[in-house]
Amino acid sequence: MSISIVIADDHVLMRQGLIQVLRADQDINVIGECGDGIELINQVIKLSPDVVIMDISMPRMSGLVAIDKLIAQRPESRILVLSMHDELEYVEAMRDAGAAGYVLKETSSDQLIAAIKAVAAGKRVFPTSTDATQAEVSQTKYVNPISVLTRREREVFFLVTAGNTSKKVAELLDMSLKTAENHRSNIYKKLQVNSSAELVRLAGKAGLLE
């Protein structure tokens, strides 16, 4: 039985190359592709793939927000993040958000296919660093600053740090302006910041900016 895949990456050449590699494996069937987070959610709901392969940095909706929405709407989704970011903060953030695996774009095709099959089988696949500095950092448990936020607040958090106004946040998340502003106010209180600029600085220090 083949593993059905939906791929999301805003770089067309990267996406096409990935599709070509995966279609060479008889156990994998690419059933959908897209270039942004919103279309990804639409395709996953429509096609119900076994595994979702997605980048973190995507237009219209970041990967972190997309994961939150996917898990909320389809909890059984098995998500494998394929990213250029090897920082611990990104790995931890995506794992906390509900991803089943995280693979670097520099990995070999054989390793990627092995990760896809592992994730499809219900396993979790995350990188382990042998770099001395990274190992030293990882001795201290990384605390994701947005772990205190609700799922909806995390969605607002990433949209605000991406530069969206409360009006635009309300439009993108299909909520009233007042609700968006209330979420924004709660985020500020929980994270102890007083402005969007401070929120962006906090996100930057935590490695959560695109």
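Counted as qualifying within the stretch 1-96 are the helices (runs of 4 or more DSSP H) with 2 or more residues that are more than 14 Å from the chain's Cα centre (by Cα), namely 12-23, 37-47.
Restricting attention to the stretch 72-107 and to residues that are within 20 Å of residue 150 (Cα to Cα) and touching a residue at least 60 places away in the same chain (Cβ under 8 Å), the residue that is surrounded by the most Cβ atoms within 10 Å (Cβ to Cβ) turns out to be 93. Inspect all residues belonging to the stretch 37-60 and state whether any of them is among the small types (Gly, Ala, Ser) and surrounded by 20 or more Cβ atoms within 10 Å (Cβ to Cβ). Yes, the stretch 37-60 has at least one match. Being under 19 Å from the mean Cα position of the chain (by Cα), modelled with pLDDT under 90 and over 16 Å from residue 93 (Cα atoms) is a description that applies to residue 162.
The values are calculated or read from the model by the stated rules, or taken from the named source; none is laboratory data. Predicted model, so just to flag it, every value in this text is computed and none were measured. Methodologically, a virtual Cβ is constructed for each residue, glycine included, from the backbone with ideal geometry; neighbour enumeration extends over all protein chains shown.
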